[in-house]
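S.K.: What follows is a single structure, and I will ask about it in a moment.
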Amino acid sequence: MRLRILLLAILFLPLLTRFSYAQTRTESPDAQNNVYGIEPERFYPGSLVLELMATAEAEIDNAVHEAYAEGYKAAMLQYAPELAALRIREAVLREALEKERFKNKFFWPVSAASFAAGILTHGLFVR
């Protein structure tokens, strides 16, 4: 008899442990007080979801363009003095380059003429 009671206790032990781990379900809080003010329903129509997604996409696109424009304006204001100085320096350097090109414009023709004159005069005076 004692063996049967022990056997029954051993067989019921897994059932008791299973119940001891069971938890009570916590009810989800009422979502009407959520951040977005959306009343939860079980299903939303697909057209409503697509409309919401399109609106969100358009707002995100506008926000990105506005942020880019603001950043571009800020960068232009920050680097405008440096850009003006670089443009002035570019103009000065271009002018100096044109002067040097004009100086070197006659270098090769004058060099060739001098070489030819030297050969001709050498031939005349060497004889």
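S.K.: Condition check: part of a helix (DSSP H, G or I) and modelled with pLDDT under 75. Does Phe19 satisfy that?
M.R.: On the way: part of a helix (DSSP H, G or I): yes; modelled with pLDDT under 75: yes.
Taking the combined requirement at face value, the residue satisfies it.
S.K.: OK, next. Which residue out of Ala112, Ala116, Ala63 is of a type outside the set (D, E, K, R), within 38 Å of the chain's Cα centre (by Cα) and at pLDDT 85 or above?
M.R.: Ala63
S.K.: A further question on this structure: Out of (1) at pLDDT 65 or above; (2) among the hydrophobic types (A, V, I, L, M, F, W, C); (3) surrounded by fewer than 10 Cβ atoms within 10 Å (Cβ to Cβ), what's the single condition that is false for Leu13?
M.R.: In the conditions (1) at pLDDT 65 or above; (2) among the hydrophobic types (A, V, I, L, M, F, W, C); (3) surrounded by fewer than 10 Cβ atoms within 10 Å (Cβ to Cβ), Leu13 misses (3) alone.
S.K.: Please work out if Glu39 is part of a loop (DSSP other than H, G, I, E, B) and either exposed (fewer than 10 other Cβ atoms within 10 Å of the Cβ) or modelled with pLDDT under 80 (or both).
M.R.: For Glu39, the condition - part of a loop (DSSP other than H, G, I, E, B) and either exposed (fewer than 10 other Cβ atoms within 10 Å of the Cβ) or modelled with pLDDT under 80 (or both) - is met.
S.K.: Just the residues that are surrounded by 10 or more Cβ atoms within 10 Å (Cβ to Cβ) and among the charged types (D, E, K, R), please, taken from the stretch 101-127.
M.R.: Lys105
The values are calculated or read from the model by the stated rules, or taken from the named source; none is laboratory data. Given the structure is predicted, the values throughout are model-derived calculations rather than measurements. Methodologically, a virtual Cβ is constructed for each residue, glycine included, from the backbone with ideal geometry; neighbour enumeration extends over all protein chains shown.
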